[in-house]
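Since the structure comes first, as structure tokens, the remarks are kept for the end.
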Amino acid sequence: MPQLRELRVGQGIDIHPLVSGRRFILGGVPIPYSKGLAGHSDADALIHAIVDALLGATGQPDIGSLFPNTQKRWKDLDSREFLRIVWGKLKRQGWEVLNIDATVLAEAPKLSPHYPAMKASLAGLLGITPDRVGLKATTTEQLGFVGRKEGILASAVVLLMRG
């Protein structure tokens, strides 16, 4: 009898405030902007959302539980390391990423010129082709904290397969 493939869907959301004096990094890509994202690590909200989606799909604790901001070892860490650590563990368990679909809510900066680099970065980290990474951004029409340019929100959905 053939082994059945197991499919899992996970969803992740992350929010970080925009502040002066920090670099703006999203999807592992530095993006020119007058502000950056505040957080204990480099605050890459897109990668954080993807990590939470991967963890959620496999029934594991969230990013904050695995990499608490109370531990100095994670201070100012490149968020790609969070993804490398989590994905390495899941890959050893036999998981494969079929696709990622992510949305970023931000009034600024304009993200579409950076999509190819962001998709290539994320795909490279996960060992998939960029066509498996869906990426889009939208504004909130100047509503709420995103509309006031106080922060951004990233949301990601992943589809995993094992077997």
(message) I need the full set of residues from the stretch 80-124 which are crowded, with 16+ Cβ neighbours inside 10 Å, out of contact with any strand residue (DSSP E or B) (no Cβ under 6 Å at 6 or more places or on another chain) and of a type in the set (Asp, Glu), in order please.
(response) GLU107
(message) Going residue by residue through the stretch 29-37, is there one that turns out to be touching a Lys or Arg at 6+ places or on another chain (Cβ under 8 Å) and assigned to a loop (DSSP other than H, G, I, E, B)?
(response) yes
(request) Being under 30 Å from ARG148 (Cα atoms) and out of contact with any helix residue (DSSP H, G or I) (no Cβ under 7 Å at 6 or more places or on another chain) narrows it down to one of TRP74, TRP95, so name that one. (result) TRP74
(request) Within the stretch 17-28, identify whether any single residue is out of contact with any Ser or Thr (no Cβ under 6 Å at 6 or more places or on another chain), touching a residue at least 12 places away in the same chain (Cβ under 8 Å), closer than 20 Å to GLY134 by Cα and part of a strand (DSSP E or B), and answer yes or no. (result) yes
(request) Give just the number: which of (1) within 30 Å of PRO113 (Cβ to Cβ); (2) part of a loop (DSSP other than H, G, I, E, B); (3) among the hydrophobic types (A, V, I, L, M, F, W, C) does ALA49 not satisfy? (result) (2)
(message) I'd like the full set of residues that are polar (S, T, N, Q) and either over 22 Å from GLN93 (Cβ atoms) or buried (at least 24 other Cβ atoms within 10 Å of the Cβ) (or both), limited to the stretch 23-79.
(response) SER34, SER41, ASN69, THR70, GLN71, SER79
(request) Filter the stretch 106-163 down to residues that are closer than 21 Å to GLN93 by Cβ and basic (Lys, Arg) and give me whichever is modelled with the lowest pLDDT. (result) ARG162
(message) I need the full set of residues from the stretch 150-163 which are crowded, with 16+ Cβ neighbours inside 10 Å and out of contact with any Phe, Trp or Tyr (no Cβ under 7 Å at 6 or more places or on another chain), in order please.
(response) ILE152, LEU153, ALA154, SER155, ALA156, VAL157, VAL158, LEU159
(message) Being surrounded by fewer than 16 Cβ atoms within 10 Å (Cβ to Cβ) and touching a residue at least 40 places away in the same chain (Cβ under 8 Å) is the requirement here; does GLY147 meet it?
(response) yes
(message) Regarding the stretch 125-132, can at least one residue be identified that is surrounded by 15 or more Cβ atoms within 10 Å (Cβ to Cβ) and basic (Lys, Arg)?
(response) yes
(request) Could you run through the stretch 103-142 and say how many residues are among the aliphatic types (A, V, I, L, M), out of contact with any Pro (no Cβ under 6 Å at 6 or more places or on another chain) and either without any contact (Cβ under 8 Å) to a residue 24 or more places away in the chain or more than 20 Å from PRO17 (Cβ to Cβ) (or both)? (result) 8
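The values are calculated or read from the model by the stated rules, or taken from the named source; none is laboratory data. All figures in this text were calculated on a predicted structure; none of them were measured in a lab. We place every Cβ from the backbone using ideal geometry, glycine too, and count neighbours over all the protein chains shown.
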